[in-house]
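The values are calculated or read from the model by the stated rules, or taken from the named source; none is laboratory data. On a predicted model such as this, the values are computed, not experimentally measured, just so you know. We place every Cβ from the backbone using ideal geometry, glycine too, and count neighbours over all the protein chains shown. Surface accessibility is based on the protein's heavy atoms, side chains included, excluding ligands, DNA and RNA. Shrake-Rupley method; radii C 1.70, N 1.55, O 1.52, S 1.80 Å.
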Amino acid sequence: MLGDIVSSMGVAALRRRLKGLIEEHNIDFVIANGENATGGIGLDKKTAKEILDCGVDCITLGDHTWSKKDLIQTLDEKPHKVIRPINFPKGAPGAGSAIFELSSGKTIGVANAIGRVFFNQALDCPFKAIDELYEGEFKNCDLKLLDFHAEATSEKIAMGYHVDGRFSLVVGTHTHVQTADDRVLPKGTGFLTDLGMCGPDDGVIGMDSDQALGRFIQGLPFSYKPAKGIPVISGIVCKFKGCLELIRIREMVKV
Ligand SMILES: [Fe+2]
Ligand SMILES: [Fe+2]
């Protein structure tokens with residue numbers, strides 16, 4: 001699972017490195033959060049295709065889901081390869097989960113949810129939405145994975161405990177900074193608070209530092225623009241065969 005892809009630099013890093021990582025770790029399935037992939041905010045149809053062409057099997061999203069309007073068409077395409085948070089209010093385009101079959105014949109359910117702390121959007125309860133999914137669509141899935149896109153560390157950890165023993169893996173996205181707390185929760189669910197990002201490392205969470213400082217110090221309404229420089233790829237490799245093994249990835253990629 002890869003953290004938020006930020007700008008064309010993040011996509012370029014995946015294009016350069018992802019197939020190598022897949023080979024080195026013998027990876028069956030790749031999930032990446034794409035909510036910042038087009039120009040730093042949102043994801044359009046063209047970039048979604050570019051990400052899938054890099055070797056990503058499923059793209060998850062977050063608070064920037066609706067920033068690029070042409071994605072709505074992609075979100076409604078079946079089978080769903082691009083999913084958005086499941087707890088957007090009922091009637092929102094697209095799906096909040098998807099089920100895939102691996103070459104081994106095992107099924108993998110991928111879910112995306114968004115937290116409610118510090119997000120000023122109309123959102124249903126993510127905890128209840130995931131319960132419904134677990135009891136319903138995901139009932140017979142061999143593996144169940146969740147990208148919980150949230151600001152607050154506490155909300156992400158709470159979600160980990162909420163699904164402990166029910167989901168195979170819960171990871172957080174959105175903050176763009178990888179946390180070092182990968183662990184297996186008491187009932188067996190793999191957990192990491194935040195995957196980090198795939199994008200320019202020399203900036204403020206992927207954005208140009210001058211623009212970010214202007215907003216923080218002077219309160220000026222600069223619009224964010226992606227940073228430049230060497231991108232980083234951040235995420236986690238999970239091995240479910242036998243004992244659950246989690247390997248954090250954070251590497252610079254020359255593009
Ligand atoms: Fe986000
Ligand atoms: Fe993000």
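Inclusion of Val117 among residues that are within 16 Å of ligand 2 (Cβ to nearest atom), buried (at least 20 other Cβ atoms within 10 Å of the Cβ) and of a type in the set (Val, Ile, Thr) is not warranted. Do we have Asn140 as surrounded by fewer than 16 Cβ atoms within 10 Å (Cβ to Cβ) and closer than 23 Å to Asp164 by Cβ here? So Asn140 passes the test. Hey, any hits in the stretch 147-157 for a residue that's part of a strand (DSSP E or B), over 20 Å from Leu244 (Cα atoms) and either open to solvent by less than 70 Å² (accessible area, probe 1.4 Å) or touching a helix residue (DSSP H, G or I) at 6+ places or on another chain (Cβ under 7 Å) (or both)? Checking the stretch 147-157: at least one residue is part of a strand (DSSP E or B), over 20 Å from Leu244 (Cα atoms) and either open to solvent by less than 70 Å² (accessible area, probe 1.4 Å) or touching a helix residue (DSSP H, G or I) at 6+ places or on another chain (Cβ under 7 Å) (or both).
When Gly20, Gly40, Gly62, Gly10 are checked against the criterion of being open to solvent by less than 20 Å² (accessible area, probe 1.4 Å), part of a helix (DSSP H, G or I) and of a type outside the set (D, E, K, R), Gly10 stands alone in meeting it. The set of residues in the stretch 164-209 that are open to solvent by 20 Å² or more (accessible area, probe 1.4 Å), more than 16 Å from ligand 1 (Cβ to nearest atom) and either out of contact with any strand residue (DSSP E or B) (no Cβ under 8 Å at 6 or more places or on another chain) or part of a strand (DSSP E or B) (or both) comprises Gly165, Arg183, Val184, Asp202, Ser209.
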